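Below is one structure, written out as structure tokens, with a few remarks after it.
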Amino acid sequence: MQIINHPDEMSRWSDATRARGERIALVPTMGFLHDGHMALMREGRARAGALVASIFVNPTQFGPGEDLARYPRDFERDAGMLKTVPVNVIFTPDASAMYSADAETWVEATQVTRGLCGAFRPGHFRGVTTVVAKLFNIVKPHLAIFGEKDFQQLRAIQRMVSDLNFDLEIVSVPIVRERDGLAMSSRNAYLSPEERERALALSLALRAARDRYRCAPCSGEELVAVATRVLNQTPGVEIEYVEAVDARTLAPASSIHSPILLAIAARVGKTRLIDNTVLSP
Ligand code: AMP
């Protein structure tokens, strides 16, 4: 397993790997890995001869007052986990190597990032699509793997790849959960034991909506009402949004006959958590 810090060296490795006719899979992460990330790694391992994991806490996707400075980091532990997959390369650049001081170009999917988290985190998705476009140009993967945990991010990246003719395949992996249902997240490390208990309300709310939908497909409003009721039963869970949208476009859900994304963002203490589920008729 190679550890590469500089974009130029990463590019040279990818050129040589492509010249040998090998397929390259990329899994972009911000590190502090958990089993959700590892599911993406295994998918990449199965689909390509060469697997690159990037670890980069991307400053441009954090807003002022967000958790950039305290985002959890443990490179040694991450490297140990990635060795078991195994990945061929960990690409872990410095922010200064990724962004020149005079950089002024952004990549932005405008519509699909308007609602949901985009409404609460201005500039976040612009930072995500910009860094992912840069990673694609540096690593030159044949495929890149993303988790459905960050469903809006997945849609923004699919939009970008299609709109800008990036020549690669985007593969998505379902949400990996703890045994009790909590969606795995690096930010779960912020939760105290008591907050960790309260955080279960998100997955319970989604499950209640899913059960309601299974009885008979129903409107987005009803799904939102069911989920909101469960969240409101747990003190100390502050809802940011509960929304039901068209799972393909993320526009307001118009028909109960097409797949609906039910998405939640909520604060538990100081920690912002997200979770979602897709309901298909
Ligand atoms: P992050 O390190 O949080 O930026 O996440 C890196 C990638 O892992 C993204 O594509 C996420 O959607 C994905 N991911 C994070 N948590 C999970 C999870 N619980 N299940 C599946 N994928 C996940």
query = Using the Cα gyration tensor of the stretch 1-84, with a ≥ b ≥ c the square roots of its eigenvalues, what is the shape: rounded (a/c below 1.5), prolate (a/b larger than b/c) or oblate (neither)?
reply = prolate
request  = May I ask for the angle, rounded to the nearest 10°, between helix 200-215 and the longest principal axis of the chain, with both axes built from Cα atoms and the value confined to 0 to 90°?
outcome  = 70
message = Could you work out the relative contact order of the stretch 2-173? I mean the mean sequence separation of Cα pairs under 8 Å and 6+ apart, divided by the number of residues, in percent.
response = 30
query = Given the Cα atoms of the stretch 72-148, and with Rh set as the inverse mean 1/r over their pairs in the Kirkwood sense, what is Rg to Rh to two decimals?
reply = 1.01
key: Spherically averaged projected area of the stretch 186-275 from its Cα convex hull (nm²)   = 5.8
ask   = Using the Cα atoms as the points, what is the convex hull volume per residue of the chain in Å³?
value = 134
query = Which sequence of His34, His257, His6, His124 reflects their accessible areas, 1.4 Å probe, from the largest down?
reply = His257, His6, His34, His124
ask   = On the accessible surface of the chain, probed at 1.4 Å, how many percent belong to carbon and sulfur atoms?
value = 49
task = Of the options Phe62, Ala95, Val52, report the single residue whose Cα projects farthest towards the positive end of the charge dipole of the stretch 21-116 (beta-carbon charges: Lys, Arg +1; Asp, Glu -1).
result = Val52
message = Based on alpha-carbon centroids, what's the gap between the stretch 166-200 and the stretch 106-161 in Å, whole number please?
response = 18
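The values are calculated or read from the model by the stated rules, or taken from the named source; none is laboratory data. These numbers were taken from a predicted model, which means no experiment stands behind them. Every residue, glycine as well, gets a Cβ built from its backbone with ideal geometry; the counts of neighbours run over all protein chains shown. Side chains are part of the model used for accessible areas, which takes the heavy atoms of the whole protein and leaves out ligands, DNA and RNA. Shrake-Rupley method; radii C 1.70, N 1.55, O 1.52, S 1.80 Å.
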